[in-house]
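Remarks on the structure that follows.
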Amino acid sequence: MRDEQFRAIFAEGFFEGEVRFMELMSNHTSLRIGGAAEVFAMPRDLDSLKNIHLNLKKSNIPYIALGSGTNILIRDGGIEGAVVLLRSLKKIEVLREEDQFIFVHADAGALLAKLVRFSQEHGYSGLEGLAGIPGTVGGAICGNSGAFGHEIKDVLVSLEMMDSEGIVSRRRAEDIAFGYRKSGIGPEEFILGTEIRLKKDHAEAVSKRIGEFLRTKRESQPIWEPSAGCVFKNPPGASAGKLLDEAGCKGAKIGEVEVSEVHANFFVNRGNANASDFIKLMELVSLRVEKRFGILLEPEIKILGKEIAD
Ligand code: EPU
């Protein structure tokens, strides 16, 4: 039944791009964890995205948009339905200049690191604090990524979005409910691109600031190891990493998932880790923090997919 539906949805003429069936999500997440997605589609253009978006919805097949899987944990039973990647939308270009400001367009599928490098090379300021954050521009907006007191929402002017009906519109950033590591953008909406506002500066000055942020990150986070970034949100007025560290969680290990010795809010995959061990470790360490400090940690990473059936 599903097979027939998939064949119709991804038929030639409706869909241009790449489609794979039962694709292991561990190949598409920074944690290298995750079972298979029934369908994994990378539409080549907006028309194909719109067609599959509408047809999946019409057929009642669930789907999610994925950036580069850097802030998510996909369970071992994989994803029912479709995972849609906007990897082919990756243009970055200057739109216009106004006084000391420069307005830049970035497609959702462009890597955030590429946008940071673009601003560095041209001497545009505003994205320095986001240097070293992996993932796509769309993913960063969706989770309002940030570091060192900077958040991506600070530079956003507007977003180009496709709603659940496949209608494309531009929304002002100020009309979107951004919060700490959240955007209020629904699971059935696709971010297609964004306009950001940066400030003209000198390439050397921007490079220097980026270098300093990167150095701090390299010294304080295990950015060279497979992880999903910070696992828990910082509770008001405290650092989850510090609480986890003080509760003695560094080095705690279940299966092949380990709390990093570098930063306790990072869990690293030591080889062939699975999601069920990851979740058990989350429960173990949050219980330790709750017992010690009476603080309930809230996950920052998105947990998706289903558990393996017994
Ligand atoms: N600390 C410890 N032990 C640890 C980790 C941290 O004692 O294991 C201490 C540090 O020494 C420091 C304090 O806790 O005194 C704060 O640590 P850090 O500067 O590393 O910041 P953080 O609050 O742990 C936040 C963000 C990071 C972001 C950094 C840098 C969250 C959950 N974390 O971490 O974001 O990169 O600030 O600005 O908001 C992410 O969201 O994925 C992420 C990594």
Set of aspartates and glutamates with alpha-carbon distance to LYS114 below 13 Å, sequence-local pairs under 8 removed
GLU93, GLU128
Using the Cβ atoms and a cut-off under 15 Å, what net charge is assigned to the surroundings of THR136, where Lys and Arg are +1 and Asp and Glu are -1?
+4
Add +1 for every Lys or Arg and -1 for every Asp or Glu among the other residues with Cβ under 12 Å from the Cβ of GLY78, and state the total.
-3
Ranking request for peptides 243-254, 223-234, 164-175: highest mean number of other beta-carbon atoms within 10 Å first, then the rest in descending order.
223-234, 243-254, 164-175
Sum of side-chain charges, VAL168 neighbourhood, beta-carbon under 9 Å (Lys, Arg +1; Asp, Glu -1)
0
Counting alpha carbon pairs within less than 8 Å and at least 6 residues apart, what relative contact order, in whole percent, applies to the stretch 66-159?
25 percent
Compute the accessible area per residue over the stretch 52-106, keeping the other protein chains in place, probe 1.4 Å, unit Å².
44 Å²
Going by amide H atoms built from the backbone, whose H comes under 5 Å of the H on ASN234, apart from near neighbours?
ALA240
For LYS242, the aspartates and glutamates lying under 16 Å Cα to Cα, once residues fewer than eight places off in the same chain are dropped, come out as GLU219, GLU261, GLU290, GLU298, GLU300
Which whole-Hz couplings ³J(HN,Hα) result when phi for each residue of the stretch 129-141 is put into the Karplus expression 6.51 cos²θ - 1.76 cosθ + 1.60, θ = phi - 60°, listed in order with x for Gly and Pro?
x, 8, 4, x, 8, x, x, 9, 4, x, x, 5, 5
Could you pull out every residue, at least 5 positions away or on a different chain, whose amide H is within less than 5 Å of the one on THR70? Hs are placed 1.01 Å off N in the peptide plane, and Pro or chain starts have none.
SER30
Taking a threshold of 27 Å on the Cα-Cα distance, which of the pairs LYS208/LYS233; LYS90/LYS302; LYS58/LYS280 fall above it?
LYS208/LYS233; LYS58/LYS280
Taking Cα pairs under 8 Å and at least six residues apart, what relative contact order does the chain come out at, in percent?
18 percent
Per the charge dipole of the stretch 191-277 (beta-carbon charges, Lys/Arg positive, Asp/Glu negative, Cα centre), the residue among PRO226, THR194, ALA238 reaching farthest to the positive end is THR194
Of THR194, THR70, THR216, which has the largest mean-square fluctuation in a 10 Å C-alpha GNM of the chain?
THR216
Checking rank on 108-114, 177-183, 283-289, with mean other Cβ inside 10 Å and highest first, the result is 108-114, 283-289, 177-183
Residue by residue, what Karplus-based ³J(HN,Hα) values in Hz, rounded to whole numbers, does the stretch 227-244 have, using 6.51, -1.76 and 1.60 with θ = phi - 60° and x for Gly and Pro?
8, 10, x, 5, 7, 10, 6, 6, x, x, x, 9, 10, 4, x, 5, 4, 5
Relative contact order for the stretch 1-145: what percent, with Cα pairs under 8 Å and sequence separation of 6 or more?
20 percent
Give the cross-link partners of LYS91 among the aspartates and glutamates, using a straight C-alpha distance below 18 Å as the criterion and excluding same-chain residues fewer than 8 apart.
ASP45, ASP47, ASP107, GLU121, GLU160, GLU195
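The values are calculated or read from the model by the stated rules, or taken from the named source; none is laboratory data. Keep in mind the model is a prediction, meaning the values are calculated, not measured. With ideal geometry, Cβ positions are generated from the backbone for all residues, glycine too; neighbour counts draw on all protein chains shown. Heavy atoms of the whole protein, side chains included, go into the accessibility calculation; ligands, DNA and RNA do not. Shrake-Rupley method; radii C 1.70, N 1.55, O 1.52, S 1.80 Å.
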